[in-house]
Protein chains: 2
Amino acid sequence: MGIKVQGHPLSPAAQRVMLCLAEKNLDYEFVSVDLTAGQHKKEPFISINPFGQVPGFEDGDLKLFESRAMTRYISQAYADKGTPLISKDLKKMAIIGVWLEVEALKFDAAGHSLSFEILIKPILGMSTDEALIEPLQGQLASVLDVYEARLAESKYLGGDEFSLADLHHIPIVNNLMKTKVKSLFEQRPHVKAWCDEILARPAWKKVLEGARV
Amino acid sequence: MGIKVQGHPLSPAAQRVMLCLAEKNLDYEFVSVDLTAGQHKKEPFISINPFGQVPGFEDGDLKLFESRAMTRYISQAYADKGTPLISKDLKKMAIIGVWLEVEALKFDAAGHSLSFEILIKPILGMSTDEALIEPLQGQLASVLDVYEARLAESKYLGGDEFSLADLHHIPIVNNLMKTKVKSLFEQRPHVKAWCDEILARPAWKKVLEGARV
């Protein structure tokens, strides 16, 4: 009746949750969902997530879907374990909250699609839709312009400390760094320094080692 | 140095924040941003939101952008005023959190675009892109299928009580009810009952009265 994550080791959303658990030094059971066999679209998985997307999460009798809802819960329920990822100060938390929204609604909208088109589709034997790449890169570049200005005045997106707002970016940043989109990050010095810093976190290395198994 | 909302009375995101303030019985100053003159893309507005989108929010020295970050902050900072919109029980809050993500990433992705194409563009003298409507309606229908199942077992999305997860839907549901997309809601009896219930909230009527001025 401990913590269980159902997902795929290469799913950025599942990685986001495993990373959060690693930052919190929490043990969990990982249950692999066979995406190629469509296990995520069938029972029993869709009883956890009716939208049929990994990951699924359980903590005792609590069952959740949506990776960002899982990490918020973990950060609060295990606030005193491992790395603090949220703030008890409501105004500081509100600023972290702004950048949590920006990640989900602006960064991920472009970044996840680019990662899927350029990196994941070829792995799955599918063709990249080249017509999508340029507009998505333009969209991501605009987001990173805002990040560059923000990170010139603040070490992390949510403030002076690493937080859930930074953490949520790591799986997609890691994927994009393996592609030509890397240049969008490297052209912006504060964004580049932030990427280097967040990708070097020991908890992320632990997740990547797990994904290699 | 009280609460200030900068936005446009017809912006669903600004309405979301005003509705939250109305549920909390909080007074605030509303500052109109002239979107047709592009005020939201210039200083001083972009010093609040570097992405240049309304609304902007201030509470004393705190400045926020992203409407959903504002409502989370208001719900926590003024937890004991007006309608409770979040739960202090971490597991109940985690479930509310799931549906907050679903609204932002699934419902709004389809619903906001439909509202913009069918309702807002004609008001602005622009033409609806008809080719987008059918796929967006299909996308929204799939989301509402999940809502129908959820609302058959739970009065509100986040549980037995009205919460921020329901509140976030109200401005877009209200807009779509004025269009042909209304049928997607009416075909699903539990969704229909939920819409009737949330649109009838006195706080929402207050926001609509303000918008008519």
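The values are calculated or read from the model by the stated rules, or taken from the named source; none is laboratory data. A quick note: this is a predicted structure, and the numbers were derived from the prediction, not measured. For neighbour counting, all protein chains shown are included, and Cβ atoms are generated from backbone atoms with ideal geometry for every residue, glycine included.
How many residues, within the range B:42-84, are aliphatic (A, V, I, L, M) and part of a helix (DSSP H, G or I)?
Summing the residues that are aliphatic (A, V, I, L, M) and part of a helix (DSSP H, G or I) in the range B:42-84 gives 6.
Of (1) surrounded by 23 or more Cβ atoms within 10 Å (Cβ to Cβ); (2) out of contact with any Lys or Arg (no Cβ under 7 Å at 6 or more places or on another chain), A:Q76 satisfies all except one. Which?
(1)
Find the helices (runs of 4 or more DSSP H) located wholly in the range A:98-204 whose residues include 3 or more that are modelled with pLDDT under 95, within 13 Å of the chain's Cα centre (by Cα) and under 21 Å from A:I74 (Cβ atoms), and list them.
Hits in the range A:98-204: none.
Could you tell me whether A:G2 is without any contact (Cβ under 8 Å) to a residue 60 or more places away in the chain, crowded, with 23+ Cβ neighbours inside 10 Å and over 13 Å from the mean Cα position of the chain (by Cα)?
It is false that A:G2 is without any contact (Cβ under 8 Å) to a residue 60 or more places away in the chain, crowded, with 23+ Cβ neighbours inside 10 Å and over 13 Å from the mean Cα position of the chain (by Cα).
Which count do you get for residues in the range B:25-54 that are among the β-branched types (V, I, T) and within 14 Å of chain A (Cβ to nearest Cβ)?
Count: 2.
Out of the residues in the range B:32-89 that are among the basic types (K, R) and in contact (Cβ under 8 Å) with a residue 60 or more places away in the chain, which is farthest from B:S163 (Cα to Cα)?
For the range B:32-89, the residue satisfying everything is B:R68.
Of all residues in the range B:57-66, which are buried (at least 21 other Cβ atoms within 10 Å of the Cβ) and touching a Ser or Thr at 6+ places or on another chain (Cβ under 9 Å)?
Hit for the range B:57-66 is B:F57, nothing else.
Against the conditions (1) surrounded by fewer than 22 Cβ atoms within 10 Å (Cβ to Cβ); (2) in a loop (DSSP other than H, G, I, E, B), where does A:F30 fall short? Just the number, please.
Here A:F30 meets the rest and fails (2).
Filter the range B:82-127 for residues that are more than 14 Å from chain A (Cβ to nearest Cβ) and surrounded by fewer than 16 Cβ atoms within 10 Å (Cβ to Cβ) and give the result.
Matches in the range B:82-127: B:K121, B:P122, B:I123, B:L124, B:G125, B:M126, B:S127.
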